[in-house]
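In what follows, a single structure is set out as structure tokens and then discussed.
Values quoted throughout were computed directly from the atomic coordinates according to the rules given, and no laboratory measurement underlies them. Just so it is clear, the model here is predicted, and its values are computed rather than measured. When we count neighbours, we look across all protein chains shown, and the Cβ atoms used for this are built from the backbone with ideal geometry, even at glycine.
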């Protein structure tokens, strides 16, 4: 599963516990700096590959595919689930030999388990906060991703799906 998520100063609000009858406060920034986490996980192995990039485009996607390729076990072949974003479908995309792309049907983000990874990262590390500058955004994204990658059982539980069978040789 592969996808990208925008993280920035505009931020994301998420649910928090609060006293009954009172609205909990959450910071909200009005600036526009942002970065993109390009991430992919393998629920069968509980592993992932990710990059934090300044833009979501073909160049960034090619770098991400190369990163994923480097994490695929020797002699294995990865099927990477993608959505219909322009940088996922362009002819300029360089797909490594040990990766095949499987495109999801249009308007079906719920089929991509990577969306649950983004929700987890936002709820546990990236939402309800203000970032001082671009470097702070990148640092927070890297820390959030690396903290997740250190939890293979969490990756397995978040991203596994009954409809997707993992074939191991």
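Of all beta bridges DSSP finds with both residues in the chain, what is the antiparallel percent, to the nearest 5?
For the chain, the DSSP antiparallel bridge percentage is about 75.
Obtain the radius of gyration and the Kirkwood radius of segment 2-159 from its C-alpha atoms and give Rg over Rh.
The Rg/Rh ratio comes out at 0.99.
Build a GNM of the chain with springs between Cα atoms under 10 Å: which of 52, 41, 72 gets the top mean-square fluctuation?
Residue with maximal mean-square fluctuation among 52, 41, 72: 72.
With a 10 Å radius around each residue's Cβ, average the other Cβ atoms per peptide and rank 98-108, 83-93, 125-135, 56-66, highest first.
In descending order of packing, they fall as 56-66, 125-135, 83-93, 98-108.
Please report Rg over Rh for segment 26-98, where both radii come from the alpha carbon positions and Rh follows the Kirkwood definition.
On the way: Rg = 14.4 Å, Rh = 13.7 Å.
Expressed as Rg/Rh, it is 1.05.
For the chain, with a Gaussian network of springs between Cα atoms less than 10 Å apart, report the residue from 48, 39, 70 with the top mean-square fluctuation.
Comparing 48, 39, 70 in a Gaussian network model of the chain, the most mobile one is 70.
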